[in-house]
Amino acid sequence: MMKKQGILAPFLFIFPALTLLLLFSIIPIIVALIISFTDLSLAGLADWSRVHFIGWNNYKSVLTDTVFAKAIGNTLFYVIIGVPLVVAFSLAIAIMINFGRSAFFKLIRLVFYTPSITNTVAIAVVWSYLYNPSIGLFNFILAKFHMGPVPWLQDPTMAKISLIILAVWKAIGINMIIFLAALQGIPKEYYEAAEIDGANRWKQITKITIPLMSFSIFFVSVTTLIGWFQFFEEPLVMTKGGPLDGTTSVALFIYRNGFQYSKFGYAAAGSFILFISIIIVTAIQFKIQNRHEKQGV
């Protein structure tokens, strides 16, 4: 009897987590997959007899949709520029704070961490005023130097860059904390030995700090990449996907078709294309990381 209880004990501990995973992740994914093969709309929710199985038509329509193609381009733009900036700035600030011991660096840590725990919608609303072409603070400062005005949210390319600036600023804090935790786990003896050998601070960072933080950098890169593929709140609040769909992300495209146009099957198909893309990119990252680890061994 005691032996059976010992075997069941681990399952009892993970049962709540598995239940939540099943109810709020696995089942919704299966339901969304089924919906993606139907023409479910608002009328279909009221009368299920109006829902029809249409096979791969939603996927074919989404993949040939010019707005979706533009959304893919915009999302790749966000990812290619935003992810490296977040990782680089977070790591640089974490290293600066770790090596600095004064109260000033503690203040810097608070300054950079605060945006990450602030509501994204509230931040986006405030930054919308900062980006205002006529009364915004940024153009006001530029005018003092006889520059501008800059169409921060009025030009498609500039609008994407403006959203990236905001998102990078907001994302630095939480990743900085992750890097700080990893930095504090590096034995100080390595740095002391490097100083005895005459290595300067830059050599210590490039030859000791960054190599020993490879797993942390990999973890932050993967989580940041997944987050930027789902870039949503900033373009929704600040630009509504405009101008000319210049800031529409794939996540915003899915939201628009699902909750504004009530094309639930169409939106579900788009969401699964995004879901599969994230899985593929993440798997590639894991494969590259495993290869580096084998080479390191």
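The values are calculated or read from the model by the stated rules, or taken from the named source; none is laboratory data. It should be emphasised that the depicted structure is a prediction, and the values quoted were computed from it without experimental measurement. FYI the Cβ positions are ideal-geometry reconstructions off the backbone, even for glycines, and counts take in every protein chain you see.
Within the range 149-187, the set of residues being among the aromatic types (Phe, Trp, Tyr) and under 18 Å from residue 138 (Cα atoms) comprises 152, 169.
Suppose we filter 168, 121 for residues that are under 19 Å from the mean Cα position of the chain (by Cα) and surrounded by fewer than 17 Cβ atoms within 10 Å (Cβ to Cβ); which single one remains? It is 121. On the stretch given as the range 175-204, residues that are surrounded by 13 or more Cβ atoms within 10 Å (Cβ to Cβ) and within 25 Å of residue 294 (Cβ to Cβ) total 5. Tell me whether the range 89-103 contains one or more residues that are touching a residue at least 40 places away in the same chain (Cβ under 8 Å), under 30 Å from residue 265 (Cα atoms) and either part of a helix (DSSP H, G or I) or aliphatic (A, V, I, L, M) (or both). No, the range 89-103 contains no residue that is touching a residue at least 40 places away in the same chain (Cβ under 8 Å), under 30 Å from residue 265 (Cα atoms) and either part of a helix (DSSP H, G or I) or aliphatic (A, V, I, L, M) (or both).
Residue by residue, here is whether (1) under 29 Å from residue 236 (Cβ atoms); (2) modelled with pLDDT of 90 or more holds:
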{"site": "19", "(1), (2)": "no, yes"}
{"site": "46", "(1), (2)": "yes, no"}
{"site": "69", "(1), (2)": "yes, yes"}
{"site": "72", "(1), (2)": "yes, yes"}
{"site": "87", "(1), (2)": "yes, yes"}
{"site": "93", "(1), (2)": "yes, yes"}
{"site": "101", "(1), (2)": "no, no"}
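Can you tell which of 46, 103, 69, 88 is within 23 Å of the chain's Cα centre (by Cα), more than 21 Å from residue 171 (Cβ to Cβ) and surrounded by fewer than 18 Cβ atoms within 10 Å (Cβ to Cβ)? I'd like the intermediate steps shown before the answer.
Working: 46 fails: within 23 Å of the chain's Cα centre (by Cα); 103 fails: within 23 Å of the chain's Cα centre (by Cα); 88 fails: more than 21 Å from residue 171 (Cβ to Cβ).
Only one candidate qualifies: 69.
When you scan the range 116-135, do you find a residue that is part of a helix (DSSP H, G or I), closer than 25 Å to residue 215 by Cα and touching a residue at least 40 places away in the same chain (Cβ under 8 Å), even just one?
Yes: one or more hits.
Identify all residues within the range 211-237 that are surrounded by 13 or more Cβ atoms within 10 Å (Cβ to Cβ), over 24 Å from residue 74 (Cα atoms) and either free of Cβ contacts under 8 Å to residues at least 40 places away in the same chain or over 26 Å from the mean Cα position of the chain (by Cα) (or both); write none if there are none. Within the range 211-237, 212, 216 qualify. Select from the range 53-66 the residues that are surrounded by 13 or more Cβ atoms within 10 Å (Cβ to Cβ) and assigned to a loop (DSSP other than H, G, I, E, B) and write down the one among them that is nearest to the chain's Cα centre (by Cα). Here the answer is 65.
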